[in-house]
Amino acid sequence: AQSVTQLGSHVSVSEGALVLLRCNYSSSVPPYLFWYVQYPNQGLQLLLKYTSAATLVKGINGFEAEFKKSETSFHLTKPSAHMSDAAEYFCAVSGLYNQGGKLIFGQGTELSVKP
Amino acid sequence: DGGITQSPKYLFRKEGQNVTLSCEQNLNHDAMYWYRQDPGQGLRLIYYSQIVNDFQKGDIAEGYSVSREKKESFPLTVTSAQKNPTAFYLCASSIRQGARNSPLHFGNGTRLTVT
């Protein structure tokens, strides 16, 4: 079965510090993985996606994520946090071949950035 | 610009009433999805549709109904049978049916409050 676990429902960093948001997945088939960001009362915006082309994926707003098959992880990082990065972040894994392209989401991690 | 429009943004209903949430997309996407978001629970799939006049139940379909009479539209009805309908509802679309590596594009959501 497909599932995603995001470690830490809340992460707080100082402005300029490294951002690390953790995501581990379970997949019975080769996974496709996604990170989304959500600002309050808005929909989800795609940050980046892993679709097997390269293990290090660069996304928008300076974020990147590394796919590690041996660790079943897809952690999201950003070298230097900005106040505008404060939001909720969701990791997602693709469903199975017969599941219509749906995504299975983790619980979300709320990122706070302190000045 | 192409996108997904959800309306209204805020919706208030009395318990026992059915309510329909609108979702329209002009992205020419084949597949559409409804997710429910509750604090600390991530996103859970209610229904999805891969083509017109066809849809499948997601993980939490009880108390909800959908239709897909047009490619552009995928309305969700929250019925009085839904025991805990107060939530943030997100509509999404994907470029083609069954494509596991395609990201979902989201609308800005409808916040439903039932009292």
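Taking 8 Å as the Cα distance limit and 6 or more residues as the minimum spacing, I'd like the relative contact order of chain A as a percentage. Once normalised by length, the contact order is 37 percent. Taking every DSSP bridge with both residues inside the protein assembly as shown, close to 90 percent are antiparallel.
Its residue count N sets the reference 2.2 N^0.38 Å, and the alpha-carbon radius of gyration of chain B equals 0.99 times that reference. Charge tally around B:Gly98: other residues with Cβ under 15 Å, Lys/Arg +1 each, Asp/Glu -1 each, net +1. For A:Ser26, neighbours were defined as the other residues whose beta-carbon sits under 15 Å from its Cβ, and their charges (Lys and Arg +1, Asp and Glu -1) total +2.
By the count of other C-beta atoms within 10 Å, a proxy for reagent exposure, B:Met32, A:Met83 are ordered fewest to most as A:Met83, B:Met32. Pairs of Lys residues in segment A:10-115 are counted when their Cα atoms are under 24 angstrom apart and they lie 8 or more places apart or on different chains; the count is 14.
Remark: A:Phe90, B:Phe12 ranked as B:Phe12, A:Phe90, counting other beta-carbon atoms within 10 Å and listing the fewest first. Among residues other than B:Gly63 with Cβ under 15 Å from its Cβ, the summed charge is +1 (Lys and Arg +1, Asp and Glu -1). Inter-chain neighbour count for A:33-43: the average number of beta-carbon atoms from partner chains within 10 Å of each residue's beta-carbon is 4.
Coupling constants for segment B:102-115 follow from the phi torsions by the Karplus curve (6.51 cos²θ - 1.76 cosθ + 1.60, θ = phi - 60°), and in residue order they are 8, x, 8, 10, 10, x, 8, x, 10, 9, 9, 10, 10, 10 Hz; glycine and proline get x.
Is segment B:1-53 rounded, prolate or oblate when judged by the Cα gyration tensor, a ≥ b ≥ c being the square roots of its eigenvalues, rounded requiring a/c under 1.5 and prolate requiring a/b larger than b/c? Note, shape of segment B:1-53 comes out prolate.
Per-residue mean of foreign Cβ neighbours for B:95-101 is 6 (Cβ atoms of other chains, 10 Å radius).
Of A:Ser94, B:Ser65, the sequence from fewest to most neighbouring Cβ atoms within 10 angstrom is B:Ser65, A:Ser94. For B:Lys9, no lysines have a Cα falling under 16 Å of its own Cα, not counting residues fewer than eight places away in the same chain. Give the distance, in whole Å, between the Cα centre of segment A:9-23 and the Cα centre of segment A:66-85. Centre-to-centre distance over Cα atoms comes out at 9 Å.
Quick note: the coordinates plus some simple rules give every number you see, no bench work behind them. What you see is a predicted model; the values in this text were computed from it and never measured. Every residue, glycine as well, gets a Cβ built from its backbone with ideal geometry; the counts of neighbours run over all protein chains shown.
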